[in-house]
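**Q** Quick one: the structure is below, questions incoming.
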Amino acid sequence: MRRVSFTAIAAAFVLLAAAAQAQTMADIKKRGTMRLGYSETSAPFSFKAKDGAPAGYSIEICQRIATAVTTAGAPGAKVEWVPLTPGTRLESVATGAVDIECGTTTITLSRREKVDFSIPIFVDAATLLVRKSTATSITQLQGKKVAAARATTTIPALERALARGFVKVEVVRTGTVMEGFELLRDGKVDALAGDRTALVGTFLQGGGAEGLMVLNDDLSYEPYALVLRKDDSEFRLLVDRVIAQLYRGGEIEDIYGRWLAPLGKPS
């Protein structure tokens, strides 16, 4: 009797696990739409182009994934792009409001408690965009104001760097990196912390400004990945296969060239 009960319980757990692992694709098929979350302001990875359409390095990778899903996994499903912010991106994936997040999200263990990640799509490092007349190194920011987007890995990286140098600043938390750039451009803060490539992209997207420079200091290691729902191994495998094929076939070099070529050839 005990053996039968244990077998029944084990079978139930297997069925529940299988159902959870196939949840993303099942939702896409049921609603007939694949929802992709993205940032409107994280150029050159994920941003709203002049024509209003999503564009960027991460966006193009997600477009390849959407093609794989809507032609094989869920034929005929439409694609819907959903704007997200650093503060809403993880929760939107975790709750199923979007099926995948396509931006500049760093893989961390604490985030893995809520969501899963694809294989890495890019590696960057946090640094500072500063007004040259104010500072040319992080130690010269003593007593100054530094903007950084909330709900990002940039803030703890900045705080660790400041603590190492015994530098005290006022950290101004913003909704997005672009909001921080606007504060810097308008002279309301003295520096902007963020990932190096995103800072350059934001500078260009925001129309630039005189007298600004990006520091050479690397404050952190930031491996980017696409954000996926937790415990859905079937969908994660589909996503990873598409990305792996881009690397194996060399297409990732073309995607890099379209969006990141001004930064030079990657190492």
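The values are calculated or read from the model by the stated rules, or taken from the named source; none is laboratory data. This one's a predicted model, so the numbers in the text were calculated from it and none came from an experiment. Glycine gets a Cβ as well: all are built from the backbone with ideal geometry, and neighbour counts include every protein chain shown. The protein model used for the area step is the full one, side chains on, heavy atoms only, and it has no ligands, DNA or RNA in it. Shrake-Rupley method; radii C 1.70, N 1.55, O 1.52, S 1.80 Å.
**Q** Quick check on E234: is it of a type in the set (D, E), without any contact (Cβ under 8 Å) to a residue 40 or more places away in the chain and at negative phi? Outline the logic, then answer.
**A** Working: of a type in the set (D, E): yes; without any contact (Cβ under 8 Å) to a residue 40 or more places away in the chain: no; at negative phi: yes.
No: the conditions fail for E234.
**Q** Let me ask you something else. Just for region 168-224: of the residues that are of a type in the set (D, E) and under 19 Å from the mean Cα position of the chain (by Cα), which one is nearest to R150 (Cα to Cα)?
**A** To start, the set of residues in region 168-224 that are of a type in the set (D, E) comprises 170, 179, 182, 186, 190, 195, 210, 217-218, 222.
From what's left, under 19 Å from the mean Cα position of the chain (by Cα): 179, 195, 218, 222.
On the way: E179: 11, D195: 13, D218: 19, E222: 16 Å.
Among them, the one singled out is E179.
**Q** Give the residue, chosen from E80, E91, that is part of a helix (DSSP H, G or I) and either small (G, A, S) or at pLDDT 95 or above (or both). Talk me through it step by step, then tell me what you get.
**A** Numbers: E80 fails: part of a helix (DSSP H, G or I).
Of E80, E91, the one residue that is part of a helix (DSSP H, G or I) and either small (G, A, S) or at pLDDT 95 or above (or both) is E91.
**Q** Cβ contacts < 8 Å: first residue closer than 20 Å to I65 by Cβ and among the hydrophobic types (A, V, I, L, M, F, W, C), restricted to region 33-55; second residue assigned to a loop (DSSP other than H, G, I, E, B) and open to solvent by less than 10 Å² (accessible area, probe 1.4 Å), any location; separation 6+ or different chain. Result?
**A** Short answer, once both residue conditions are applied: M34/A74; M34/D99; L36/V98; L36/D99; F45/G56; F45/G103; F47/G56.
**Q** So, one more: Tally up the residues in region 45-63 that are in a helix (DSSP H, G or I) and open to solvent by less than 40 Å² (accessible area, probe 1.4 Å), please. Show your work before the answer.
**A** As a first pass, look at region 45-63 and keep what is in a helix (DSSP H, G or I): 57-63.
Then drop every residue that is not open to solvent by less than 40 Å² (accessible area, probe 1.4 Å), which leaves 57-62.
Total meeting the criteria: 6.
**Q** Return only the number of the condition from (1) open to solvent by less than 30 Å² (accessible area, probe 1.4 Å); (2) at pLDDT 95 or above; (3) in contact with a helix residue (DSSP H, G or I) (Cβ under 7 Å, 6 or more places away or on another chain) that G73 does not satisfy.
**A** The one condition G73 does not meet is (2).
**Q** Looking only at region 76-86, which residues are small (G, A, S) and either under 22 Å from G180 (Cα atoms) or buried (at least 17 other Cβ atoms within 10 Å of the Cβ) (or both)?
**A** Of all residues in region 76-86, those small (G, A, S) come to 76-77.
Passing the criteria: only A77.
**Q** Looking at A157, A66, A97, which is the one that is touching a Leu at 6+ places or on another chain (Cβ under 6 Å) and either modelled with pLDDT of 95 or more or open to solvent by less than 10 Å² (accessible area, probe 1.4 Å) (or both)?
**A** Details: A66 fails: touching a Leu at 6+ places or on another chain (Cβ under 6 Å); A97 fails: touching a Leu at 6+ places or on another chain (Cβ under 6 Å).
Testing whether each residue is touching a Leu at 6+ places or on another chain (Cβ under 6 Å) and either modelled with pLDDT of 95 or more or open to solvent by less than 10 Å² (accessible area, probe 1.4 Å) (or both) leaves just A157.
**Q** Ok, one more. So, in region 94-118, how many residues would count as being acidic (D, E), within 18 Å of P54 (Cα to Cα) and assigned to a loop (DSSP other than H, G, I, E, B)?
**A** If we filter region 94-118 for residues that are acidic (D, E), which is where we start, we get 99, 101, 113, 116.
Next, from what is left, pick out any that are within 18 Å of P54 (Cα to Cα): 99, 101.
Subset that is assigned to a loop (DSSP other than H, G, I, E, B): 99.
Total meeting the criteria: 1.
**Q** Further question on the same structure: Are there any pairs, at least 6 apart or on different chains, whose C-beta atoms fall under 9 Å, with the first in region 67-85 and in contact (Cβ under 8 Å) with a residue 40 or more places away in the chain and among the charged types (D, E, K, R) and the second surrounded by 16 or more Cβ atoms within 10 Å (Cβ to Cβ) and in a helix (DSSP H, G or I), and if so, which?
**A** Sorted first by the residue in region 67-85, then by its partner, the pairs are K78/T70.
**Q** Whether any residue in region 256-267 is among the charged types (D, E, K, R), open to solvent by 10 Å² or more (accessible area, probe 1.4 Å) and in contact (Cβ under 8 Å) with a residue 40 or more places away in the chain is what I want to check. Break it down stepwise before answering.
**A** Narrowing region 256-267 to residues among the charged types (D, E, K, R): 258, 265.
With open to solvent by 10 Å² or more (accessible area, probe 1.4 Å) added as a condition, the list becomes 258, 265.
Filter again for in contact (Cβ under 8 Å) with a residue 40 or more places away in the chain, leaving 258.
Yes: one or more hits.
**Q** If you scan region 198-215, which residues turn out to be open to solvent by 10 Å² or more (accessible area, probe 1.4 Å), in contact (Cβ under 8 Å) with a residue 60 or more places away in the chain and over 25 Å from P54 (Cβ atoms)?
**A** G211, L212, M213, V214, listed by residue number.
**Q** Looking at (1) touching a Pro at 6+ places or on another chain (Cβ under 7 Å); (2) modelled with pLDDT of 95 or more, find the lone condition where F117 falls short.
**A** (1)
Yes/no matrix, rows are residues, columns are (1) under 23 Å from G103 (Cβ atoms); (2) open to solvent by 10 Å² or more (accessible area, probe 1.4 Å); (3) of a type in the set (G, A, S); (4) touching a Phe, Trp or Tyr at 6+ places or on another chain (Cβ under 6 Å):
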| residue | (1), (2), (3), (4) |
| --- | --- |
| L141 | no, no, no, no |
| A148 | yes, no, yes, no |
| A151 | yes, yes, yes, no |
| K168 | no, yes, no, no |
| V177 | yes, yes, no, no |
| G180 | yes, no, yes, no |
| L183 | yes, yes, no, no |
| D186 | no, yes, no, no |
| R196 | yes, yes, no, no |
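**Q** Of everything in region 117-139, what is of a type outside the set (S, T, N, Q) and either closer than 24 Å to I255 by Cα or surrounded by fewer than 17 Cβ atoms within 10 Å (Cβ to Cβ) (or both)? Give them in sequence order. It would help to see each step written out before you state the result.
**A** Just the residues of region 117-139 that are of a type outside the set (S, T, N, Q), to begin with: 117, 119-126, 128-132, 135, 138.
If the condition is that a residue be of a type outside the set (S, T, N, Q) and either closer than 24 Å to I255 by Cα or surrounded by fewer than 17 Cβ atoms within 10 Å (Cβ to Cβ) (or both), then F117, I119, P120, I121, F122, V123, D124, A125, A126, K132 are the ones that fit.
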